[in-house]
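Only the coordinates and a few stated rules stand behind these numbers; no lab work does. Computed from a prediction, not measured in an experiment: that's the story for all the values here. So basically every Cβ, Gly included, is an ideal-geometry build from the backbone, and we count neighbours across all protein chains shown.
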Ligand SMILES: Nc1[nH]c(=O)nc2c1ncn2[C@H]1C[C@H](O)[C@@H](COP(=O)(O)OP(=O)(O)OP(=O)(O)O)O1
């Protein structure tokens, strides 16, 4: 078996044996036909549009991290976030990251810009996929339709090299 960071096809990786070394969450808040997105200002994916998110801290559950990261990045509190997906990213630089996707249909507060993120509401039909991570276009439309997803991806920097997606 080849080293996972040298893999160029998701089929080259035994995903049952693969384990992440970083665990992150991403939270999409939907309201009145719109979704809250951010211009990410720093960290992985700086310059891209994404949803609020970040790393799960020690002793924290994924849902707790989803609430905390959204509060920290945009000042909104998602209410009852629902887990709807798992994303497994192998980067060619060696990073292995697991992302848990949450959606929330209600929230408290008013969004505000922070050092990490510039939030904005956009109509679901106008989501700017060309400014987002390449994988988002593959799975986010299914999440919007209420499906759950599980995806494995190989990324070389910003470029998606290979993927496998299951819609549940
Ligand atoms: N291909 C991809 N598609 C996607 O939608 N989100 C991705 C992604 N690759 C990374 N992310 C997201 C997941 C998570 O929200 C974030 C992790 O990036 P960072 O390492 O920059 O974390 P943050 O700096 O936001 O977190 P903290 O340092 O914990 O605040 O990037």
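What to note about this one:
- With respect to the conditions (1) surrounded by 13 or more Cβ atoms within 10 Å (Cβ to Cβ); (2) free of Cβ contacts under 8 Å to residues at least 40 places away in the same chain; (3) not in a loop (DSSP other than H, G, I, E, B), residue 99 lacks only one, and its number is (2).
- One residue alone among 116, 111 is surrounded by 14 or more Cβ atoms within 10 Å (Cβ to Cβ), closer than 23 Å to residue 34 by Cβ and either more than 11 Å from the ligand (Cβ to nearest atom) or without any contact (Cβ under 8 Å) to a residue 60 or more places away in the chain (or both), and that residue is 111.
- Restricting attention to the stretch 126-141, the residues being farther than 17 Å from residue 10 by Cβ, outside any helix (DSSP H, G or I) and within 12 Å of the ligand (Cβ to nearest atom) number 2.
- Single unsatisfied condition, residue 151 versus (1) over 14 Å from the mean Cα position of the chain (by Cα); (2) more than 24 Å from residue 42 (Cβ to Cβ); (3) near the ligand (Cβ under 10 Å from one of its atoms): (1)
- Scanning the stretch 12-32 for residues that are touching a residue at least 60 places away in the same chain (Cβ under 8 Å) and either over 23 Å from residue 120 (Cβ atoms) or out of contact with any strand residue (DSSP E or B) (no Cβ under 6 Å at 6 or more places or on another chain) (or both) yields 13, 15, 18, 19, 20, 21, 22, 23, 30, 31.
- Within the stretch 46-64, tally of residues that are farther than 25 Å from residue 105 by Cα and within 13 Å of the ligand (Cβ to nearest atom): 3
- So residue 94, is it in contact (Cβ under 8 Å) with a residue 40 or more places away in the chain and either within 13 Å of the ligand (Cβ to nearest atom) or buried (at least 20 other Cβ atoms within 10 Å of the Cβ) (or both): no
- Residue within the stretch 155-164 that is within 11 Å of the ligand (Cβ to nearest atom) and touching a helix residue (DSSP H, G or I) at 6+ places or on another chain (Cβ under 9 Å) present: yes
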